[in-house]
Amino acid sequence: PSSLLLNDSRDSHESQEPDNELALVENSYIESDMEEAANDSEMPRILNQSQTPSLWESIASEPNLCRKFAGTAGTWFLFDVLFYGNTLFEPLVLEAAFGSHGDVDGYSLLQTTVRDSLMISLLSLPGYFVTVAVIGKRTCGCCSKRSSATPNRCGFPSCFPCYQTPTFIQMQGFLFMFILYLSIGLFWVALSNIQWLLLLLYAASFFFANYGPNTTTFLLPSVTYSKNCRSTLNGLSAAAGKLGALFGSAAFAPAAEELGESTVMIFCGCVSLLALLLTKLCVKGSSGATL
């Protein structure tokens with residue numbers, strides 16, 4: 001009986017071996033099919049990667065590259081000349097507004113400088129929040145109630161609809177900076193005797209810098225260049241801005257000593273006008289729907 005059991009078990013193992021071999025063969029076919037399918041799915045991705053142009057090819061094929069780069073890098077350079085230069089120029093304006101502090105000790109001078117700078121910061125800081133509140137929205141030039149028939153326009157002929165795009169915000173910022181700097185420069189002597197007005201005009205120039213190019217210079221490269229090269233060209237535009245910051249920081253104090261404060265402010269107005277023209281001519285306006 002034991003020999004019969006051994007024979008039965010041997011027969012059962014022999015009968016199962018072909019099934020196991022078939023299973024192994026089937027599994028091998030399935031694995032090979034899966035590998036072929038994976039290879040087939042990899043091929044389009046590899047082909048797409050091989051067809052994607054390189055960074056320098058993308059930059060070289062960017063339409064109107066020189067014009068766009070002059071608009072983003074040029075305006076960033078000019079703005080940082082103004083912004084960082086006026087940051088160092090601020091003590092001279094405060095001295096003209098509040099008088100010299102040469103007869104006080106160092107601690108009192110520090111307190112006075114912090115107080116005066118805080119006043120300008122409090123007046124200019126809301127410009128950031130205004131930009132966040134209105135960017136991408138449709139606004140008009142007056143406060144009249146809009147009719148239901150023409151919801152995008154008011155009843156006055158002078159009213160015009162506009163989108164608060166980065167390009168528009170940057171242009172209006174440079175426009176008001178041009179007006180304010182020019183006014184301060186032309187009437188510097190008279191404004192030195194009207195301290196509150198000088199401080200208000202100077203703080204307003206920082207307000208429209210914040211509600212303007214101090215925000216939009218970071219955004220414009222992203223909506224100006226194509227996606228294959230926008231990060232690199234954004235970085236190059238930012239590098240141009242840092243060069244402007246270096247130039248403004250180094251040049252303003254010697255220029256004020258040689259030419260006078262009023263001439264420096266008139267120069268700031270001219271730089272603002274040049275940046276306004278560069279924005280208008282070289283930066284294509286973005287659609288409000290894309291923001």
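Are there any pairs, at least 6 apart or on different chains, whose C-beta atoms fall under 8 Å, with the first in the stretch 132-146 and under 17 Å from Q170 (Cβ atoms) and the second among the small types (G, A, S) and modelled with pLDDT under 65, and if so, which?
If the second residue must be among the small types (G, A, S) and modelled with pLDDT under 65, the pairs left are G136/G288; K137/G288.
Scan the stretch 267-286 and report the pairs whose first residue is farther than 14 Å from L82 by Cβ and whose second residue is part of a loop (DSSP other than H, G, I, E, B) and open to solvent by less than 20 Å² (accessible area, probe 1.4 Å), with Cβ atoms within less than 7 Å and a gap of 6+ or a chain change.
Sorted first by the residue in the stretch 267-286, then by its partner, the pairs are G285/T165; S286/T165.
So, N64, is that one open to solvent by 70 Å² or more (accessible area, probe 1.4 Å), under 23 Å from Y225 (Cβ atoms), at pLDDT 75 or above and not aliphatic (A, V, I, L, M) or not?
Working: open to solvent by 70 Å² or more (accessible area, probe 1.4 Å): yes; under 23 Å from Y225 (Cβ atoms): yes; at pLDDT 75 or above: yes; not aliphatic (A, V, I, L, M): yes.
The answer is yes for N64.
Would you list the helices (runs of 4 or more DSSP H) that sit entirely within the stretch 186-291 and hold 1 or more residues that are over 21 Å from F77 (Cα atoms)?
On the way: elements: 188-192, 195-210, 213-216, 220-224, 230-259, 261-282.
Passing ranges, in order: 188-192, 195-210, 230-259, 261-282.
What number of residues within the stretch 207-229 are surrounded by fewer than 17 Cβ atoms within 10 Å (Cβ to Cβ) and either under 24 Å from L180 (Cβ atoms) or without any contact (Cβ under 8 Å) to a residue 40 or more places away in the chain (or both)?
So the answer is 3.
Would you please name the residue that is most open to solvent (accessible area, probe 1.4 Å), looking only at residues in the stretch 162-206 that are over 16 Å from M265 (Cα atoms) and among the hydrophobic types (A, V, I, L, M, F, W, C)?
W196
Would you mind finding the one in L109, L123 that is modelled with pLDDT of 75 or more and over 18 Å from the mean Cα position of the chain (by Cα)?
Working: L109 fails: modelled with pLDDT of 75 or more.
The match here is L123.
The values are calculated or read from the model by the stated rules, or taken from the named source; none is laboratory data. Everything numeric in this text was worked out from a predicted model, so none of it was measured. Using ideal geometry, Cβ is built from the backbone for each residue, glycine included, and neighbour counts are taken over all protein chains shown. Just so you know, the surface numbers come from the protein's heavy atoms only, side chains and all, with ligands and any DNA or RNA stripped out. Shrake-Rupley method; radii C 1.70, N 1.55, O 1.52, S 1.80 Å.
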